[in-house]
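To start, the structure under review is shown below, and the notes come after it.
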Amino acid sequence: MIVVADLHIHSRFSRSCSKQINFRNLSYWSNIKGINLLGTGDFTHAQWLKEFEEEVIDSKNGFYKLKDDKNSVNFVLSSEISCIYKQNDKTRRVHIVILMPSIASVKKFNKELIDRGCNLKSDGRPIIGLSAEILAGIALDVDKKSLIIPAHIWTPWFSALGSKSGFDSIEECFGKYSKNIYALETGLSSDPKMNWFVSSLDNYVLVSNSDSHSLERIGREANVFDFENFNYDELYNILKNKDKKKFLYTIEFYPEEGKYHFDGHRICNVSIDPLKFNKVKICSVCKKQLTPGVLRRVEELSDRTEKEVEKIKNKFINYKNCVGLKEIIGEAINQRCVGKKVNTIYFEIIKNFASEFDILLNKTELELKTSIKNPTIVEAIMRMRKGEINVIPGFDGEYGIVKIFSDKEKIKNKELQQKLF
């Protein structure tokens, strides 16, 4: 059974998240995207957990389905927690995703945090003063099948390996529980290949999730599994054992599209490629320190060359870089991807296929041409699959910009649109 899983999202109770997020809407958008297994997000928030309990049927396999829901999505209990604490005379800010197989375990876990003085009411992604090591210990004491996944491990400000507040190794971050960490989340600004340059990460399986704060962004990164027995135990074992037969690939942003790929200073619109300008760490405009990007941080901890990575790449889980369908449509018709026209075309295309992932990854060029009347959109999809795109890299909190067509091609595309439509 092929399962597309997005294990890290947020509810409307998290800061800066859409108020439209509820479980019915999540199911609707999961069906459009092609997601079979979706993390609940924010299980530490009492109101969100209460809504979940009222809405779902326990499938008795560690997953849950909404009552009277025709969509195929299953939910797995998940939450992201922000640990902010002092260790070795440095303030650490580490985000951690935790998955659990039952509501009973989640309730016990939440009580353990509250009993230790943690405030779980203020935000769907709570900020707590416990260390990553202590948090891992609590989760494992509550349920030995808890999956503890360091979130977006490279981002500068809030991650296990982040340049601003993280560590230089997972072992340093999680201490005696590092042996219980099986998976690492690569984040939007890195893809698996970048991580393969760091040999100390070889013991972990790399996962990718959306960390979505809105409905339409679920599945922008995801994991593709081939389950034999669709249950939480199998998910746990796939990640623990780095099972290449059952973990087929991850779906990835092009890492340049992520918000922290290059070094930079957003206020001054200064972006720096750290591989070309390694010694440049000060903004040329305001003379303040640049925010170091993921590419720089990976380079700092890497101990392999490009040739060495090429030799060993087959031992790792595969991945596919992908651009969202709305972004592709926007490029093809030279319109903003959040505009009304792009939205109309998006839903016209979706109704002819199983899902967005089906369009982006599976259908042949002939099948796409048969159902999509605009040939430029099909051409854009095919170019994306081949990696024939350009991305202006993101930096210091700014997303990168995907370019599929040159300016000259866009002029020709516009002329074609006018003739055809």
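With the structure loaded, tell me whether I114 is without any contact (Cβ under 8 Å) to a residue 12 or more places away in the chain, part of a helix (DSSP H, G or I), surrounded by fewer than 21 Cβ atoms within 10 Å (Cβ to Cβ) and more than 23 Å from the chain's Cα centre (by Cα) or whether it fails that test. Even if it seems obvious, please write down each step before you answer.
Numbers: without any contact (Cβ under 8 Å) to a residue 12 or more places away in the chain: yes; part of a helix (DSSP H, G or I): yes; surrounded by fewer than 21 Cβ atoms within 10 Å (Cβ to Cβ): yes; more than 23 Å from the chain's Cα centre (by Cα): yes.
Here the answer is yes, as I114 does meet what is asked.
May I ask you to list the residues in the stretch 193-204 that are surrounded by fewer than 17 Cβ atoms within 10 Å (Cβ to Cβ) and not in a helix (DSSP H, G or I)?
Taking the stretch 193-204 first, the residues surrounded by fewer than 17 Cβ atoms within 10 Å (Cβ to Cβ) are 199-200, 202-203.
Answer for the stretch 193-204, where residues must be surrounded by fewer than 17 Cβ atoms within 10 Å (Cβ to Cβ) and not in a helix (DSSP H, G or I): D202, N203.
Without any contact (Cβ under 8 Å) to a residue 60 or more places away in the chain and either within 18 Å of K193 (Cα to Cα) or touching a strand residue (DSSP E or B) at 6+ places or on another chain (Cβ under 6 Å) (or both): is that true of L295 in this structure?
Working: without any contact (Cβ under 8 Å) to a residue 60 or more places away in the chain: no; either within 18 Å of K193 (Cα to Cα) or touching a strand residue (DSSP E or B) at 6+ places or on another chain (Cβ under 6 Å) (or both): yes.
So L295 fails the test.
Evaluate the stretch 40-48: report whether one residue or more is under 20 Å from I153 (Cα atoms) and in the same structural domain as S122 (by TED's automatic domain parsing).
Taking the stretch 40-48 as the starting set, the residues that turn out to be under 20 Å from I153 (Cα atoms) are 41-42.
Next, from what is left, pick out any that are in the same structural domain as S122 (by TED's automatic domain parsing): 41-42.
Looking for residues that are under 20 Å from I153 (Cα atoms) and in the same structural domain as S122 (by TED's automatic domain parsing), one finds at least one in the stretch 40-48, hence yes.
Could you tell me which of the residues D263, D303, D358 is touching a residue at least 40 places away in the same chain (Cβ under 8 Å), assigned to a loop (DSSP other than H, G, I, E, B) and either assigned by TED's automatic domain parsing to the domain that holds R220 or among the charged types (D, E, K, R) (or both)?
Numbers: D263 fails: assigned to a loop (DSSP other than H, G, I, E, B); D358 fails: assigned to a loop (DSSP other than H, G, I, E, B).
Of the residues listed, the single one that is touching a residue at least 40 places away in the same chain (Cβ under 8 Å), assigned to a loop (DSSP other than H, G, I, E, B) and either assigned by TED's automatic domain parsing to the domain that holds R220 or among the charged types (D, E, K, R) (or both) is D303.
Could you grab me the full set of residues in the stretch 16-49 that are of a type in the set (S, T, N, Q), buried (at least 23 other Cβ atoms within 10 Å of the Cβ) and within 25 Å of I114 (Cα to Cα)?
Start the filter on the stretch 16-49 by keeping residues that are of a type in the set (S, T, N, Q), which leaves 16, 18, 20, 22, 25, 27, 30-31, 36, 40, 44, 47.
Next, from what is left, pick out any that are buried (at least 23 other Cβ atoms within 10 Å of the Cβ): 30, 36, 40, 44.
If the condition is that a residue be of a type in the set (S, T, N, Q), buried (at least 23 other Cβ atoms within 10 Å of the Cβ) and within 25 Å of I114 (Cα to Cα), then T40, T44 are the ones that fit.
Being assigned to a loop (DSSP other than H, G, I, E, B) and touching a Lys or Arg at 6+ places or on another chain (Cβ under 8 Å) is the filter; apply it to the stretch 205-219 and report the residue that is surrounded by the fewest Cβ atoms within 10 Å (Cβ to Cβ).
Going residue by residue through the stretch 205-219, those that are assigned to a loop (DSSP other than H, G, I, E, B) are 208-211, 213-219.
Still in the list and also touching a Lys or Arg at 6+ places or on another chain (Cβ under 8 Å): 210, 216, 218-219.
Working: S210: 25, E216: 17, I218: 29, G219: 26.
Among those that are assigned to a loop (DSSP other than H, G, I, E, B) and touching a Lys or Arg at 6+ places or on another chain (Cβ under 8 Å), it is E216.
Under the condition of being surrounded by 14 or more Cβ atoms within 10 Å (Cβ to Cβ) and in a helix (DSSP H, G or I), which residue from the stretch 50-100 is nearest to the chain's Cα centre (by Cα)?
F52
If you scan the stretch 368-415, which residues turn out to be farther than 21 Å from N321 by Cβ, at pLDDT 95 or above and charged (D, E, K, R)?
K369, D396
So which residues in the stretch 145-203 are among the aromatic types (F, W, Y) and either over 16 Å from the mean Cα position of the chain (by Cα) or within 20 Å of E306 (Cα to Cα) (or both)?
First pass over the stretch 145-203, keeping only residues among the aromatic types (F, W, Y): 154, 157-158, 167, 174, 177, 182, 196-197.
The answer is W154, W157, F167, F174, Y177, Y182, W196, F197.
Go through S59, S72 for me and flag whichever is of a type outside the set (F, W, Y), within 16 Å of S102 (Cβ to Cβ) and at pLDDT below 95. Walk me through how you get there before you give the answer.
Numbers: S72 fails: within 16 Å of S102 (Cβ to Cβ).
Result of the check over S59, S72: S59.
Of the residues N237, N269, which single one is among the polar types (S, T, N, Q) and over 29 Å from C283 (Cβ atoms)? If you could, list the steps in order and put the result at the bottom.
Values: N269 fails: over 29 Å from C283 (Cβ atoms).
Sole residue among the options that is among the polar types (S, T, N, Q) and over 29 Å from C283 (Cβ atoms): N237.
Tell me, yes or no, whether the stretch 124-131 has at least one residue that is modelled with pLDDT under 95 and within 24 Å of the chain's Cα centre (by Cα). Break it down stepwise before answering.
Residues of the stretch 124-131 that are modelled with pLDDT under 95, as a first pass: none.
No: the stretch 124-131 contains no residue that is modelled with pLDDT under 95 and within 24 Å of the chain's Cα centre (by Cα).
Can you tell which of E398, E327, E365 is free of Cβ contacts under 8 Å to residues at least 60 places away in the same chain and of a type in the set (D, E)?
On the way: E398 fails: free of Cβ contacts under 8 Å to residues at least 60 places away in the same chain; E327 fails: free of Cβ contacts under 8 Å to residues at least 60 places away in the same chain.
Exactly one of E398, E327, E365 is free of Cβ contacts under 8 Å to residues at least 60 places away in the same chain and of a type in the set (D, E), namely E365.
The values are calculated or read from the model by the stated rules, or taken from the named source; none is laboratory data. In this text, all values refer to a predicted model and were calculated from it rather than measured experimentally. When we count neighbours, we look across all protein chains shown, and the Cβ atoms used for this are built from the backbone with ideal geometry, even at glycine.
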